[in-house]
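Derivation of every value follows stated rules applied to the coordinates shown; laboratory data play no part. It should be emphasised that the depicted structure is a prediction, and the values quoted were computed from it without experimental measurement. Positions of Cβ are backbone-derived with ideal geometry, glycine not excepted, and every protein chain shown enters the neighbour counts.
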Protein chains: 2
Amino acid sequence: MSSPLSKEQIEAGLSDLTGWKAGGEKLTKEFVFTDFREAMAFMVRVGFEAEAQAHHPEMFNVYNKVSIALATHDAGNKITEKDLSLAKAIDTLL
Amino acid sequence: MSSPLSKEQIEAGLSDLTGWKAGGEKLTKEFVFTDFREAMAFMVRVGFEAEAQAHHPEMFNVYNKVSIALATHDAGNKITEKDLSLAKAIDTLL
């Protein structure tokens, strides 16, 4: 079980990340690549990281763009430490 | 350049497919897998097919679910033969 973070905890977490926003009770970020292959390769790498952390993102892809949204199902679809941790790992993939 | 299909052409195309709908000027289908790995593997296979056809889907994934929407950018984001062709190829992946 994970606990939802407070607004202050989320703000503190965001300051450690690059380009992530907290909107609609999710952590979100848009990624733009040179083409579809690069976008797909990124999604696969995110997939391995998600499996490693046993925490999975929402991913939306159209051609060279990938949008990721993170929230924790066990915590009523709110933002928890698990989301900050996965966001941080995703940033290191770039 | 691809031409948008008529409603009749789309209906005829759908009768050749399994579980696809034509809504909001896109061909859409929802896929449910046993887990995230299976969903990810499917997306990668769709990706190879998309590259082969030089036509790319919108894909949305959350855990074991993948939603695909097909429309043709060059045809004002309407449904064309390219979408029917990619939908057919995606069905053969399952």
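Residues are listed down the side, and each one gets a yes or a no for (1) crowded, with 19+ Cβ neighbours inside 10 Å; (2) touching an Asp or Glu at 6+ places or on another chain (Cβ under 9 Å); (3) at positive phi:
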| position | (1), (2), (3) |
| --- | --- |
| B:E30 | no, no, no |
| B:A41 | no, no, no |
| B:N64 | no, yes, no |
| B:I68 | yes, yes, no |
| B:S85 | no, no, no |
| B:L93 | no, yes, no |
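Scan segment A:26-50 for residues that are within 17 Å of B:E58 (Cβ to Cβ), over 12 Å from the mean Cα position of the chain (by Cα), facing another protein chain (nearest Cβ under 10 Å) and assigned to a helix (DSSP H, G or I) and the total you get is 4.
Is it fair to say A:K65 is within 22 Å of A:S6 (Cα to Cα) and basic (K, R)? The answer is no for A:K65. Close Cβ contacts (under 7 Å, 6 or more residues apart or on different chains) running from residues in segment A:29-56 that are over 26 Å from A:H73 (Cα atoms) to residues that are surrounded by 14 or more Cβ atoms within 10 Å (Cβ to Cβ) and polar (S, T, N, Q) comprise A:V32/A:N64; A:F33/A:N64; A:T34/A:N64; A:D35/A:N64; A:F36/A:N64; A:E38/A:N64. Condition (residue is within 14 Å of another protein chain (Cβ to nearest Cβ), loosely packed, with under 15 Cβ neighbours inside 10 Å and touching a Lys or Arg at 6+ places or on another chain (Cβ under 9 Å)) applied to segment B:3-21: is it met by at least one residue? Scanning segment B:3-21 turns up no residue that is within 14 Å of another protein chain (Cβ to nearest Cβ), loosely packed, with under 15 Cβ neighbours inside 10 Å and touching a Lys or Arg at 6+ places or on another chain (Cβ under 9 Å).
Taken together, the residues in segment B:51-89 that are touching a strand residue (DSSP E or B) at 6+ places or on another chain (Cβ under 9 Å), assigned to a helix (DSSP H, G or I) and either under 20 Å from A:K65 (Cβ atoms) or within 11 Å of chain A (Cβ to nearest Cβ) (or both) amount to 3.
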